[in-house]
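Contents: one structure, followed by commentary.
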Ligand SMILES: C[S@@+](CC[C@H](N)C(=O)[O-])C[C@H]1O[C@@H](n2cnc3c(N)ncnc32)[C@H](O)[C@@H]1O
C-alpha cells in the first residue's frame with residue numbers, strides 16, 4: 001500500500017481485511033468525496049478561515065526537514081511536509097497529482113511504513129475526530145515510534161467542553177470523537193509533553209457574515225492563545241516526544 005514499499009522499512013501496512021467495518025466506511029466516504037473535497041470543504045470562506053488558522057500554527061510549531069502529514073487527504077498541507085500518508089486510495093491519487101514527486105504512502109495511520117525515528121515532526125489534521133479512543137492510542141504509539149526523541153506531534157480534535165456548553169451531540173463517526181486537553185495524558189501516557197495548545201473556531205464562524213470573517217480570523221489568532229481557547233470548537237495541540 002506504500003508509495004514505494006521497497007524503499008521503506010517498519011511495520012507492514014495492514015491489509016484491507018484487517019480494517020474494521022467502521023474504518024472501511026470512513027474510507028469509502030473519503031474515496032467518494034475525493035473529487036470535490038477541496039472545493040466542498042476549503043473553497044469557501046469558512047474553509048479558508050480554518051485553513052488560515054491551522055496553517056499559521058503549523059508554520060510556527062513544526063520542526064525539522066523530515067515532516068509527515070498523516071491523513072494528508074488531497075494534500076492541503078503537503079507544502080509543509082516532506083511526505084504524506086492516507087488510507088483513502090482516491091485521496092492519495094489526488095494528492096499525488098497535486099504533488100508529483102512527493103512520497104505519499106497509502107496506509108492506515110497506525111501502520112506507517114517508515115523506520116523508527118524517521119521524522120522530526122508528524123501532524124494530523126481532521127483525523128482524530130474520526131477515530132475511536134483505542135485507534136487514537138494506536139496512532140499515537142505509532143507516531144512515537146516513527147518520531148525521533150524530541151520530535152513533535154501536532155493534531156486537532158473537537159473540544160468536548162464547548163460541545164457540552166452548546167449541547168451539541170455528534171451522530172456517527174463523522175467528528176464523533178471529542179476530547180479535553182487532559183485526556184491527552186490518558187491517551188499518550190508519560191511519553192509526551194504538551195508544549196503548545198490553541199483554540200480554533202472560537203467564533204461561530206458559520207454565523208458570521210462572509211465579509212467579517214477575515215477580521216475575526218485576526219482576532220482569533222490572538223484569542224485562541226488565551227484561556228478563551230477552552231471555549232473554542234477545536235483544539236490544536238503540539239506534543240513533544242520525551243522518550
Ligand atoms: C477530513 S479529511 C482531512 C484531510 C487533511 N488532513 C486536511 O486537513 O485537509 C480526513 C482524512 O483522513 C483520512 N483517514 C481517515 N481514517 C484514516 C486512517 N485510519 N488512516 C489514515 N487515513 C485516514 C481520510 O481518508 C481523509 O483523507
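Derivation of every value follows stated rules applied to the coordinates shown; laboratory data play no part. This is a predicted model, so every value here is computed, not measured. Please note: Cβ atoms are built from the backbone with ideal geometry, for glycine as well, and neighbour counts cover all protein chains shown.
With 0.36 nm allotted per residue and the present C-alpha distance subtracted, the residue 31-residue 173 stretch has 49.5 nm of extension available. Look at 223, 127 and count the other Cβ atoms within 10 Å of each Cβ; fewest to most, that gives 223, 127. Expressed to the nearest 5 percent, the antiparallel share of DSSP beta bridges inside segment 5-241 is 50 percent. Ordering 126, 210 by the number of other Cβ atoms within 10 Å of each residue's own Cβ, fewest first, gives 210, 126. Could you give the angle, 0 to 90 degrees to the nearest 10, between helix 89-98's Cα long axis and the longest principal axis of the Cα atoms of the chain? So the inclination is approximately 80 degrees. Note the angle between two axes, namely the Cα long axis of helix 213-223 and the longest principal axis of the Cα atoms of the chain, as a number of degrees from 0 to 90, rounded to the nearest 10. Orientation of helix 213-223: about 80 degrees from the principal axis. Sorting 164, 207 by the number of Cβ atoms found within 10 Å of their own Cβ, with the fewest placed first, yields 207, 164. Our summary gives the chain a relative contact order of 20 percent, counting only alpha carbon pairs under 8 angstrom and 6 or more residues apart. Using R0 = 30 Å, the C-beta based FRET efficiency linking residue 190 and residue 63 works out to 0.90. A straight chain from residue 210 to residue 182 at 0.36 nm per residue would run longer than the Cα-Cα distance by 6.7 nm.
Roughly how tilted is helix 133-146, in degrees to the nearest 10 and between 0 and 90, from the longest Cα axis of the chain? Helix 133-146 and the main axis of the chain meet at about 60 degrees. Computed across segment 5-241, the Kirkwood radius stands at 18.2 Å (inverse of mean 1/r, all Cα pairs). Extension gain for the segment residue 21 to residue 80, taken as residue separation times 0.36 nm less the Cα-Cα distance, is 18.0 nm to one decimal.
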